[in-house]
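Any read-out appearing in this document is the output of simple, stated calculations on the displayed coordinates, not a laboratory observation. Source: prediction; values computed, not measured. Please note: Cβ atoms are built from the backbone with ideal geometry, for glycine as well, and neighbour counts cover all protein chains shown.
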Amino acid sequence: MNPRAASNPRQFIMFHKPKGAIVTLSDEGGRKTVYDILPGFVLKDKWRPVGRLDRDSRGLLLFTRDGGLINRLTQPGQYSKIYEVWVRGRITEEQLRQVLKGVKTAIGILKVERVDISGYAGPRTRLVVEVSEGKNRHIRRIFGALKDPQFNTPLKVLDLKRIQISTVKLDIPSSRWRFLTHKEESELIRGTVY
């Protein structure tokens, strides 16, 4: 479906970015970009990403052609983002309180809005993390600044997947894309759920 052909054109594309793809128009090093995976019209029609996900992260990435919407949606504190995160190490209740309050990192104090433990697998902890301000490698920096209480080594984010931006939830497989519905677009732009 081409958005230009619709009588009421879509404003957003949802993309499930796979791990290893970088969020840039092109890469001098020849690494795979999100535009190598998406259909050609996305680049041709100047759809641009709303924010970023680093090369080692995966999950929900939105695209739009409206620079004003990009600015609005990337404004710190404006919209929350939710991630599923696997961390090497066992997270303690004290560490959960610490990441909510703020953790000293190389780029200053970083914190999250919400963090819940959703499970364990051996020495790994699965978390659901919500942030409203996303600095470069925000979640990776927070947990890397904490120590595994058993081994006294830095915690390490093993897998980071963005599953939600504001009201929009990721619901497609890796490397797939779709247009947001008009209802999803309205809810996102308003920042509220019906």
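Quick rundown of the values:
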item: Mean-position separation - Cα centroids, the stretch 68-129 and the stretch 145-194, in angstrom; result: 11
item: GNM result for the chain, Cα springs below 10 Å: residue of 130, 28, 184 fluctuating most strongly; result: 28
item: For the chain, built as a Gaussian network whose Cα springs stay under 10 Å, the top-fluctuating residue of 122, 102, 134; result: 122
item: Gain upon complete extension [residue 189, residue 130; 0.36 nm per residue less C-alpha separation]; result: 19.3 nm
item: Overall dimensions of the stretch 105-194 by Cα: Rg and Dmax, Å; result: 16.2, 50
item: Label point distance in nm, residue 94-residue 109, each placed 7 Å from Cα along Cα→Cβ; result: 2.0
item: Length released on extending from residue 26 to residue 43, taking residue separation times 0.36 nm less the Cα-Cα span; result: 5.1 nm
item: Efficiency of FRET between residue 33 and residue 181 - r from beta-carbon atoms, R0 41 angstrom, step 0.05; result: 0.95
item: Computed E for residue 71/residue 101 - FRET, C-beta separation, R0 30 angstrom, nearest 0.05; result: 0.50
item: Which labelled figure in (i) 19.1; (ii) 17.7; (iii) 18.6 is Kirkwood radius over Cα pairs in Å, once derived from the coordinates; result: (ii)
item: Estimated distance in nm for a label pair at residue 19 and residue 117, the labels positioned 7 Å out from Cα along Cα-to-Cβ; result: 2.3
